[in-house]
Amino acid sequence: MKKKWQLAGIMGAALATSQAALADWAYNLQPPASQIAQDVFDLHNLIMLVCLGIFVVVFGAMFWSLIKHRKAAGHQAAHFHENTTIEVIWTVIPFVILMGMAYPAAKVVIDMKDTSNPDITIKVTGYQWKWGYDYLNEGVSFYSNLSTPREQIENTQPKGEHYLLEVDEPMVVPVGKRVRLLITANDVLHAWWVPALGAKQDAIPGFIRDSWFKADKIGTYRGQCVELCGKDHGFMPIVVEVVSEEDYAAWVASRKGGAQVAAAEAVAEAPSAEAAVEQGAAEAAAPAAQ
Ligand SMILES: [Cu+2]
């Protein structure tokens with residue numbers, strides 16, 4: 001028991017003295033970058049206010065009763081059973097409060113699920129442990145892998161600003177366009193979540209679920225897999241790069257160009273199996289020669 005307290009003390013002291021930990025402390029949701037994320041943010045604030053109101057009224061009444069009607073002050077307990085009026089009141093008031101909370105919440109949930117009229121559709125596939133993106137109309141496909149160096153994870157190098165929240169190939173989307181995501185998984189359950197964009201959906205093998213977002217601001221938005229999916233669950237972040245429409249068109253063109261060049265090279269480089277073997281042997285010998 002004593003050891004546990006010592007450990008708690010050490011951890012508390014470490015937290016209190018760690019400047020980095022203090023700088024990272026943020027108690028609120030991420031600043032919203034889409035209308036849905038803004039709606040979620042507002043809903044969160046509204047419901048918290050309702051909870052605060054209930055807390056004040058309930059605890060106020062409780063403490064007032066405890067102090068004002070205490071036995072020591074000579075108060076006699078009231079005797080009443082099966083009081084219909086009181087029972088109706090304490091059923092109707094919570095019902096009205098719940099309905100008042102359910103109405104705005106249901107509106108936001110329905111909006112989140114309305115994936116109609118997309119400008120762009122991207123298939124998102126969860127893998128152990130990376131994400132795959134297929135731009136269905138543009139014909140662009142790639143994997144998105146964690147790019148944090150192993151040295152930072154093993155603590156032989158100082159951690160970067162976006163430690164475990166950076167990838168080699170981010171998802172790129174244009175600003176102000178409805179992006180529909182078709183989300184699935186190839187092995188186990190994963191979940192795609194970018195808080196600032198208000199999109200969150202489980203990725204389920206064998207099923208396709210959809211979600212959508214429309215980013216209001218150009219910028220980089222980060223998220224993580226939020227369904228425990230194995231040993232590298234914490235190592236498959238999500239990065240969404242929101243760019244202008246022109247930059248998006250240029251990105252798609254460069255992607256397609258790159259793919260076509262790669263395909264053309266593959267055809268040109270493989271005239272015969274022998275040549276390929278020779279080339280492979282030459283490449284294998286090259287590092288030894290250096
Ligand atoms: Cu995962």
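Any read-out appearing in this document is the output of simple, stated calculations on the displayed coordinates, not a laboratory observation. Please read all numbers here as calculations on a predicted model, not as lab measurements. FYI the Cβ positions are ideal-geometry reconstructions off the backbone, even for glycines, and counts take in every protein chain you see.
In nm, what is the difference between 0.36 nm times the number of residues separating His75 and Ile208 and their Cα-Cα distance? Value of the extension gain: 41.5 nm.
Backbone phi angles across segment 43-59, fed through the Karplus curve with coefficients 6.51, -1.76 and 1.60 (θ = phi - 60°), yield HN-Hα couplings of 4, 4, 5, 4, 5, 4, 5, 4, 4, 4, x, 4, 4, 5, 5, 5, 6 Hz in residue order; Gly and Pro are listed as x. With Cα atoms as the point set, segment 120-250 shows a radius of gyration and Dmax of 14.4, 43 Å.
Full extension of the segment from Ala105 to Glu82, taken as 0.36 nm per residue of separation minus the current Cα-Cα distance, would add 4.8 nm.
With both residues required to sit in segment 120-250, DSSP beta bridges show an antiparallel share near 70%. Which pairs in the list Lys159/Lys214; Lys107/Lys200; Lys159/Lys217; Lys159/Lys200 are over 25 Å apart, alpha-carbon to alpha-carbon? Listed pairs above 25 Å: Lys159/Lys214; Lys159/Lys217; Lys159/Lys200. Packing around the peptides 30-38, 56-64, taken as the average count of other Cβ atoms within 10 Å per residue, puts them in this order, highest first: 30-38, 56-64.
Taking amide H as placed 1.01 Å from N in the peptide plane, the amide H of Val167 sits under 5 Å from that of Ser147, each at least 5 places away or on another chain.
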